[in-house]
Amino acid sequence: MGAAVSPIRELPPFAARASGITGSVIDSSTSLLAAQEHEIVRFAMGSPAPEAIPTQALAEIADEVLAHPDAYDYGPTEGEQALRAQLLQTSPRTHALGPEELLITSGGMQGLDLACKLFVDPGDRVVVEAPTYTNGTAVITGYGGELLEVDVDEDGLDVAALRELCGTQPPKLIYVIPTFQNPSGVTLSQARRLELIELAERWGAVILEDDPYRDLRFDGEPLPGLRTLAAGSDATVISVHTFSKVLAPGLRVGWVDADAAVIEAMTAAKQGLDTCASVPMQRIVAGFLERGLLPAHLDALRTRYRAGKRTLRAALADSFPGAAIDVTDPDGGFFLWVTFHEPIDTEALFDIALQEGVAYIPGRAFSASGRFTDSLRLTFATTSGERTCEGVRRLRVAVDRHR
């Protein structure tokens, strides 16, 4: 006799804000790829390759950390003192931080969430880049923000277009990834950074600076972050960072630097979320910094990613010769943005590519309004050498099948 089937129960209505909770196509690809039974070249997820993670050093530090019983206790919401001290003293930032300007978070995403929790009300106009990291826009719409997409070009967010689009209705918040932008890889120029800060100051708008890739510059000269450039002005800049891209995403350790009043409010809000970021993970990261291991590790990553980008671009040029595609050429970070000149729907192409054994993220995943159907994002952080070339060869086979 079969098991009884429970009747479908009608739930109470969700809160109004639930309609703005969209989830993430990007994160969903992790489960999708895990379910595949055939071998796949993975250009999809923006995470370091397993061999790029300093597992031995982290394991040795973890052994020491986990031997202490207090590693399993609650910690201060502001963050573990050892990690805070390292970020205040030795982290490769471009401006000095005061202790009242720093909050340790459970990854960079929590920093974005806290900022939007404090500053975005239902109906508020929020500027976002197009294309952009739609996990960030999902947070904004989850709090009822109304998105205004502003295009990105080779110099980053088009600030002149932003000024014109907003007209007499300035935004409440401007969400921007200024350095090695996700997904395009482009960097906001110095001139546009200053123009954006001046505009935000005049409007009284908050700039939410999502900054996970700055330390992964492998070519060119570094540019100061937006919060550094805003020093001395009345512009409000909240700068969000993470160790996910430079150490390991599973650590879920990030931080926010912002004005003291913002950090105070964020700390109170965080106490209603998770009380504190993981104490063991914070102490492992602190131990890595205390041992002075980060500079050499970053140098190794930069060398790896420079080679990865060049290999991927060369493979794309070989497989898609002539004027078949446009490809960005970033000076750091994780990503290339590929746009086809012919009408190819990269969302429809995805299933064929997966059959051929290669994965990417379709362009529509980076626009809340469903734009960029002829584009896709590839990462050069998780593959290298012949593996990269094989992945691009499979992509070309998939494109030919799609045609």
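Here are some notes:
- Evaluating Tyr74 against the criteria (1) at pLDDT 95 or above; (2) exposed (fewer than 13 other Cβ atoms within 10 Å of the Cβ); (3) part of a helix (DSSP H, G or I) leaves one unmet condition, (3).
- Within region 241-252, the presence of a residue that is among the aliphatic types (A, V, I, L, M), modelled with pLDDT under 95 and not assigned by TED's automatic domain parsing to the domain that holds Ala44 is excluded.
- The residues on offer are Leu273, Leu223, and the sole one that is farther than 30 Å from Thr168 by Cα, surrounded by fewer than 22 Cβ atoms within 10 Å (Cβ to Cβ) and touching a helix residue (DSSP H, G or I) at 6+ places or on another chain (Cβ under 6 Å) is Leu223.
- Qualifying residue in region 296-309 (condition: part of a loop (DSSP other than H, G, I, E, B) and of a type in the set (Lys, Arg)): no
- Within region 348-403, the set of residues being of a type in the set (Lys, Arg), under 24 Å from the mean Cα position of the chain (by Cα) and under 30 Å from Ala248 (Cβ atoms) comprises Arg364, Arg377.
- Scanning region 12-53 for residues that are modelled with pLDDT of 75 or more, part of a loop (DSSP other than H, G, I, E, B), out of contact with any helix residue (DSSP H, G or I) (no Cβ under 6 Å at 6 or more places or on another chain) and not hydrophobic (A, V, I, L, M, F, W, C) returns Pro12, Pro13, His38, Glu39, Gly46, Pro48.
- Whenever a residue of region 315-328 is touching a residue at least 40 places away in the same chain (Cβ under 8 Å), its partners that are crowded, with 19+ Cβ neighbours inside 10 Å and polar (S, T, N, Q), lying with C-beta atoms within less than 7 angstrom and at least six residues away or across chains, give the pairs Ala315/Thr388; Thr328/Ser184.
- Once region 111-129 is narrowed to residues that are more than 20 Å from Gly79 (Cα to Cα) and touching a helix residue (DSSP H, G or I) at 6+ places or on another chain (Cβ under 8 Å), the residue that is surrounded by the most Cβ atoms within 10 Å (Cβ to Cβ) is Val127.
- Meets criteria (modelled with pLDDT under 80, touching a Leu at 6+ places or on another chain (Cβ under 9 Å) and over 25 Å from Ala315 (Cα atoms)) for Leu58: no
- Checking Ala82, Ala49 one by one, the residue that is within 30 Å of Thr388 (Cα to Cα), out of contact with any Phe, Trp or Tyr (no Cβ under 9 Å at 6 or more places or on another chain) and in contact (Cβ under 8 Å) with a residue 40 or more places away in the chain is Ala49 and no other.
- Residue within region 327-345 that is among the hydroxyl-bearing types (Ser, Thr, Tyr), over 21 Å from the mean Cα position of the chain (by Cα) and not assigned by TED's automatic domain parsing to the domain that holds Glu149 present: no
Listed here are the residues, each with its yes/no results for (1) in a helix (DSSP H, G or I); (2) of a type outside the set (Asp, Glu).
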site	(1), (2)
Asp329	no, no
Ala348	yes, yes
Asp351	yes, no
Leu354	yes, yes
Ala365	yes, yes
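- Region 112-137: number of residues that are part of a loop (DSSP other than H, G, I, E, B) and more than 14 Å from Ile207 (Cβ to Cβ): 7
- One residue from Leu293, Leu349 being farther than 23 Å from Val152 by Cβ, in contact with a Pro (Cβ under 8 Å, 6 or more places away or on another chain) and hydrophobic (A, V, I, L, M, F, W, C): Leu293
The values are calculated or read from the model by the stated rules, or taken from the named source; none is laboratory data. Note that the coordinates shown come from a computational prediction; the quantities given were computed from them, not determined experimentally. Here Cβ is always computed from backbone atoms with ideal geometry, including for glycine, and neighbour counts include all displayed protein chains.
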